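*Asks:* There's a structure below that I have some questions on.
Bear in mind these aren't lab numbers, they're just calculated from the coordinates by the rules spelled out. All values derive from a computational prediction rather than experimental measurement. Here the Cβ positions follow ideal geometry from the backbone for every residue, glycine too, while neighbour counts run over all protein chains shown.
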Amino acid sequence: VKAIPAMYQSAQEKPSGLSIAVPDDCDFIAILRGSPLLRAGPLQSPRVTPRNGSFLYPGEKMNLTLDSGREAVHFEVRAIGTAIIPEGSPTIGFHNYALILIENALKNTRRQTLVSVAELNIFEKPEILWAGDLDRDGKPDIILDRTKGESQADIALFLSSSAAEGELVGLAAEWMSLGPC
């Protein structure tokens, strides 16, 4: 995460935005501002590259554990749903697709649904853009594209520090775009 000037900000002002990027990537993932929980500097992040990219097919999971110690709480995102090929369609679709964040502690397992879609076609697939400890509290935070179609983006930032009671993460910010992105 690095500090950057916000749009329409003069060169003399202190940077008020934050850019999230992966070192191997030449482009940023998201630009944020306005939260005292977020600050510039390196972040702890598990490798977010499942074998099929950032979309998880039903039955796949992504490990989000930030600490490899024996007593560490383990987190994962798991996809559920039923794959179908609609009649007359050359592409696959999914019934009751969901992405679920799971916390596996020694004596407790908690779950939270991040995305739930009754009917999903392959062109509307939600994708995990980034996961790691953005607010530096030792628990994973997630940036998802909850896309509803090819020409719409629905980016959501889930922070563990924004979670309500009983939740693992809470929706901290979202950005929606209509038309080509």
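*Asks:* Determine the gain in length on full extension of the stretch residue 63-residue 96; use 0.36 nm per residue of separation and subtract their C-alpha separation, reporting nm with one decimal. Spell out each step's value before the answer.
*Replies:* Details: separation 33, 0.36 × 33 = 11.88 nm, distance 2.20 nm.
Length gained between residue 63 and residue 96: 9.7 nm.
*Asks:* Right, here's the next one. If you plug each phi of the stretch 125-133 into the Karplus form 6.51 cos²θ - 1.76 cosθ + 1.60 with θ = phi - 60°, what whole-Hz ³J(HN,Hα) values come out, in order, with x for Gly and Pro?
*Replies:* In residue order, the calculated couplings are 6, x, 10, 7, 8, 6, 8, x, 9 Hz.
*Asks:* Along the Cα→Cβ direction, 7 angstrom out, place labels at residue 127 and residue 82. What is the inter-label distance in nm?
*Replies:* Here the modelled spin labels are 2.8 nm apart.
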